[in-house]
1. Of (1) at pLDDT below 95; (2) touching a Gly at 6+ places or on another chain (Cβ under 8 Å), Lys252 satisfies all except one. Which?
2. Kindly provide the set of residues from region 176-211 that are within 16 Å of the ligand (Cβ to nearest atom) and either within 11 Å of the chain's Cα centre (by Cα) or at pLDDT below 95 (or both), ordered by number.
3. Restricting attention to region 55-82, which residues are in a helix (DSSP H, G or I) and open to solvent by less than 70 Å² (accessible area, probe 1.4 Å)?
4. Go through region 134-154 and count every residue that is open to solvent by 40 Å² or more (accessible area, probe 1.4 Å) and over 26 Å from Glu209 (Cα atoms).
5. Does any residue in region 109-130 that is at positive phi come within less than 7 Å, Cβ to Cβ, of a residue that is open to solvent by 20 Å² or more (accessible area, probe 1.4 Å) and modelled with pLDDT of 95 or more six or more places away or on a different chain, and which pairs are these?
6. Could you list, in sequence order, all residues of region 162-180 that are touching a helix residue (DSSP H, G or I) at 6+ places or on another chain (Cβ under 7 Å), part of a strand (DSSP E or B) and not aliphatic (A, V, I, L, M)?
7. Going by what's in this entry, would Ala157 be described as among the aliphatic types (A, V, I, L, M) and surrounded by 22 or more Cβ atoms within 10 Å (Cβ to Cβ)?
Amino acid sequence: MGLGNKTCRSVRKQGGFFISLLNESNRKMNLQQQIDELFTTQQQEWAQLRNAIDGMKNIRKKRFEWGDDFSVSVELNIGRLRSNTTKNEKSGAESPSCFLCEINRPAVQKGISFLDKYIILCNPHPILEQHITVALHSHVPQRIRKKMGEMLSLAEALPDYIVFYNGAKSGASAPDHFHFQAGKKMPMLLQGDNELRSCMMIESESKNEAVELFEEVYRFLHQPDEDEPMMNIVAFIENGKYRIHTFPRKAKRPKQYDMQGSKQLRITPGALDMAGLFTTIREEDFEKVTKQDIEDIYAQVSKQVI
Ligand SMILES: [Zn+2]
């Protein structure tokens, strides 16, 4: 982990050829170190990101447990408000409303190239530590089927992270522009199947085998009348194995989302919520949500599989 920093320190002592040697040290940094450096420089340059990350220190949390088997954390993250309420219009070409298209991104937002087809960006509405968005260069819809290998390559390059995918109708805030997200691992994000909600789990030492097994899961879930099965995916490396957790979905939101008055709960579950980390964006929702509400939300949005 310290290789990049050590190189930088020794370069600083030598003084001369700083720029060229720094570039050399950048090449030697692994992707996690490059992301750490991106966060450091972006927080210096970009007040919105700096404020959002500062705000995370004061996030309120509460926890529900179901025996020793399963736990859920509910967080109040007011900074997510704008991201969750972004309206996305359907369009075939680069969209003026798409915040992942290069032309629309703020000039201050810098990134790191990945596989020559994605750009890794600091997410200005973070839920996780080192929360990144990994956007394809092209403005094409969320379709994971042919991209699982790339998702696993990202997980492989980021062993301290989980990589996650929200289907277009399952929590994605940019359903028209293909992207993954990733952030630092937390134990509750690695939780698999249980009685509250379905999780189809793949584990393999071989990336190719994991991709093939995911194709089977995809075919099993796919209905002829849909572009893609409704689902969320969490992928990560654990003990040298590729892990893919697929959460099949049957609804984008629970019915409480559209209820009025005290029954209303503004929760739109995505991959993190399905794994066990719920985000609320209004204080009233955070205060009133109960263990029974969590059970009810899972029952409404998770698709049971045999
Ligand atoms: Zn776009």
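1. Of the numbered conditions (1) at pLDDT below 95; (2) touching a Gly at 6+ places or on another chain (Cβ under 8 Å), the odd one out for Lys252 is (1).
2. His179, Phe180, Gln181
3. Across region 55-82, the qualifying residues are Gly55, Met56, Gly79, Arg80.
4. Counting residues in region 134-154 that are open to solvent by 40 Å² or more (accessible area, probe 1.4 Å) and over 26 Å from Glu209 (Cα atoms) gives 3.
5. Leu115/Glu150; Leu115/Ser153; Gln130/Lys184
6. Result: Phe164, Tyr165, Asn166, Phe180.
7. It is false that Ala157 is among the aliphatic types (A, V, I, L, M) and surrounded by 22 or more Cβ atoms within 10 Å (Cβ to Cβ).
Here is a yes/no grid of residues against (1) surrounded by fewer than 19 Cβ atoms within 10 Å (Cβ to Cβ); (2) of a type outside the set (A, V, I, L, M, F, W, C); (3) away from the ligand (no atom under 12 Å from the Cβ):
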| residue | (1), (2), (3) |
| --- | --- |
| Ser97 | yes, yes, no |
| Val108 | yes, no, yes |
| Ile112 | yes, no, yes |
| Pro124 | no, yes, yes |
| Ile132 | no, no, yes |
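The values are calculated or read from the model by the stated rules, or taken from the named source; none is laboratory data. On a predicted model such as this, the values are computed, not experimentally measured, just so you know. Because the Cβ atoms are built from the backbone with ideal geometry, glycine has one as well, and the counts that use them run over all protein chains shown. Only protein heavy atoms, including side chains, enter the accessible area calculation; ligands, DNA and RNA are left aside. Shrake-Rupley method; radii C 1.70, N 1.55, O 1.52, S 1.80 Å.
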